[in-house]
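K.L.:
Pasting a structure here, questions to come.
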Amino acid sequence: MADEIPGLSPWLLHLCTCLDCGDALSVTQCTEVDEGGRTRTGILLCSSCERLWPILAGIPLLVDEPATYLAQYRESVLASLAEVNLASSKALSLIDDTIGSVRADAMRYGDDWTAGEDTAEAHGDTTSDVASDAASDDRGEAKRLYLQLVKCNQEAGVTGTVLSMLGAAQKGLIVEAGPGAGEISRALAERCEQLLLLDFSLRSLLRARTKAHNEEGAKVGAILCDLSQFDMASECADAIVAANVVDIIDEPQSFLRAASRWLKADSPFVMTTPDPSLGEGYDEALCEMLESLEYTIDDVRDDIPWLRRHSSRYSQLYWLQAICASI
Ligand SMILES: [Zn+2]
C-alpha cells in the first residue's frame, strides 16, 4: 500500500502558506521520498520568518504549534502511520525531534466514523448485509420501512446531495474539509483534477486519501490543520466541500471567512450540517453567517437523511440541511 501513497507533490506545496506570516514554503529537509522522489518525511521552511513545519506521510502539519500537537497526539499519529505501513524510523525520528523537550497531556483523535462509513475491507461490507436483508420478505413492517430508508440514504443522502449541488462539470481543484473516513472523497476524486483533504486527524487524512486514491482519478493530497486557524493560497479552489463539519469546528466563522478567500469567483461551496443553528437556537444562523461574510446563497435543501449504520442492530438518523454558496 505504501508505494501507492504519494509524497508531497509540487501542486500541493504550491497551496501551502506559512501560518504565521502567509509566505510561501519550501522543503528544507527531506529524509524519506516516495518512488517519484517526492518528500514523504521532511521539513518545510518559511523563507520569510524561518518557521519550520514537519511533513509526515507526504502531509504537511500546518497547525499552530506542531511540537505541541505531536506531543499530544504522538501515539495516535504513530498508530495512524502504522495502519498504512508508513511508521518508518525516519518518521519516528522526525516526530521525536520536533517534540524535543515539549511536554503535553496525551490526547486521542475523536474520529467517530461508523463501520458502514469505514473501508469495506476492514469492517465487512454493510451494504451487502442490507442487500441480503432486503432479499428476505419475512421482515416486519418497521424493518421494511428502514430498508427503504437505507436505499433513500444511498441515493439522496449526503454524497448524492453534495454531488448534485456541485454540478456535473469536471473541476480543477476541489478542497474537502473534514473528510471523515473518505466516503465522499472517493466520489469527489472522480469529479476533479486535484483533491485536497483538510483535517485535524492524521488518521482521517490517511484513510480518506487511501480511499480516494485511484490511478484514473484525481491527484489526492492532504494538509493536517485546525480549520479554525488555517489559511492557504487565495483563489485556488474550483469548489469546496464541507460535509457535517461546520457545526463541530470551534470557530466556524474563521473557517468560513478563510474559505471565502480560497474560493474562485462563482465557484460552489457545498456544506451539509445536522445543526444549521450552530447552537444559536434558530436554523437560519448558518445562512445568516454566510451572508454576513458576503457569500451568496445559491441553494438550500432541507430534510436530507444522514443514516449512520453502526451495526445491524444500531443505526442513527440525522436530518441535514445542505447549502450551496458562492463568492
Ligand atoms: Zn513565515
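The values are calculated or read from the model by the stated rules, or taken from the named source; none is laboratory data. In this text, all values refer to a predicted model and were calculated from it rather than measured experimentally. Because the Cβ atoms are built from the backbone with ideal geometry, glycine has one as well, and the counts that use them run over all protein chains shown.
K.L.:
Quick check on this structure: which one of SER26, SER80, SER48 is part of a strand (DSSP E or B), small (Gly, Ala, Ser) and farther than 16 Å from GLY221 by Cα?
P.N.:
SER26
K.L.:
While we're on this one: State whether one or more residues within the range 202-215 are of a type in the set (Ser, Thr, Tyr), within 24 Å of HIS14 (Cβ to Cβ) and either assigned to a helix (DSSP H, G or I) or without any contact (Cβ under 8 Å) to a residue 24 or more places away in the chain (or both).
P.N.:
Yes, the range 202-215 contains a residue that is of a type in the set (Ser, Thr, Tyr), within 24 Å of HIS14 (Cβ to Cβ) and either assigned to a helix (DSSP H, G or I) or without any contact (Cβ under 8 Å) to a residue 24 or more places away in the chain (or both).
K.L.:
Further question on the same structure: For residues in the range 179-199 being assigned to a loop (DSSP other than H, G, I, E, B) and touching a Leu at 6+ places or on another chain (Cβ under 7 Å), which is nearest to SER267 (Cα to Cα)?
P.N.:
Taking the range 179-199 and keeping what is assigned to a loop (DSSP other than H, G, I, E, B), we get 179-182, 189-191.
The next check asks that each one be touching a Leu at 6+ places or on another chain (Cβ under 7 Å); those that pass are 179, 189, 191.
On the way: PRO179: 20, ALA189: 17, ARG191: 14 Å.
The residue in question is ARG191.
K.L.:
Can you pull out every residue in the range 1-41 that is among the aliphatic types (A, V, I, L, M) and within 21 Å of the chain's Cα centre (by Cα)? Before you say what the answer is, go through the steps one by one.
P.N.:
First, pick out the residues of the range 1-41 that are among the aliphatic types (A, V, I, L, M): 1-2, 5, 8, 12-13, 15, 19, 24-25, 27, 33.
Those that are among the aliphatic types (A, V, I, L, M) and within 21 Å of the chain's Cα centre (by Cα): MET1, ALA2, ILE5, LEU8, LEU12, LEU13, LEU15, LEU19.
K.L.:
In the range 286-308, what residues are without any contact (Cβ under 8 Å) to a residue 12 or more places away in the chain and more than 17 Å from SER267 (Cα to Cα)?
P.N.:
GLU288, SER292
K.L.:
Okay, moving on. Which ones in the range 251-277 are touching a residue at least 24 places away in the same chain (Cβ under 8 Å) and more than 24 Å from ALA189 (Cα to Cα)?
P.N.:
Once the filter is applied, which keeps residues that are touching a residue at least 24 places away in the same chain (Cβ under 8 Å) and more than 24 Å from ALA189 (Cα to Cα), the range 251-277 yields PRO252, GLN253, SER254, ARG257, PRO274, ASP275, PRO276.
K.L.:
Just name the residue that is nearest to the ligand (Cβ to nearest atom) out of those in the range 10-34 that are in contact with a Lys or Arg (Cβ under 6 Å, 6 or more places away or on another chain) and among the charged types (D, E, K, R).
P.N.:
Looking at residues that are in contact with a Lys or Arg (Cβ under 6 Å, 6 or more places away or on another chain) and among the charged types (D, E, K, R), I get ASP20.
K.L.:
For the range 150-165, give me the residue count where each residue is more than 20 Å from MET271 (Cα to Cα) and loosely packed, with under 15 Cβ neighbours inside 10 Å.
P.N.:
Number satisfying all stated conditions: 1.
K.L.:
Here's a follow-up. Just to be sure, is SER80 among the hydroxyl-bearing types (Ser, Thr, Tyr), surrounded by 14 or more Cβ atoms within 10 Å (Cβ to Cβ), away from the ligand (no atom under 16 Å from the Cβ) and within 19 Å of the chain's Cα centre (by Cα)? Before the answer, list the steps.
P.N.:
Details: among the hydroxyl-bearing types (Ser, Thr, Tyr): yes; surrounded by 14 or more Cβ atoms within 10 Å (Cβ to Cβ): yes; away from the ligand (no atom under 16 Å from the Cβ): yes; within 19 Å of the chain's Cα centre (by Cα): yes.
Spelling it out, SER80 is indeed among the hydroxyl-bearing types (Ser, Thr, Tyr), surrounded by 14 or more Cβ atoms within 10 Å (Cβ to Cβ), away from the ligand (no atom under 16 Å from the Cβ) and within 19 Å of the chain's Cα centre (by Cα).
K.L.:
If you don't mind, there's one more thing I want to ask. Look at the range 42-57 and say how many of its residues are under 15 Å from ILE95 (Cβ atoms) and either modelled with pLDDT under 95 or within 21 Å of the chain's Cα centre (by Cα) (or both).
P.N.:
Residues that pass the stated criteria total 5.
K.L.:
How many of the residues making up the range 178-191 are surrounded by fewer than 24 Cβ atoms within 10 Å (Cβ to Cβ) and in contact with a strand residue (DSSP E or B) (Cβ under 7 Å, 6 or more places away or on another chain)?
P.N.:
The qualifying residues number 2.
K.L.:
Let me ask something else. Got a sec? Which of LEU263, LEU256, LEU205 is within 20 Å of the chain's Cα centre (by Cα) and within 25 Å of MET107 (Cα to Cα)?
P.N.:
LEU205
K.L.:
May I pose another question? Being on the phi > 0 side of the Ramachandran plot and either buried (at least 17 other Cβ atoms within 10 Å of the Cβ) or within 16 Å of the ligand (Cβ to nearest atom) (or both) narrows it down to one residue among GLY58, GLY7, GLY100, GLY37; which is it?
P.N.:
GLY58
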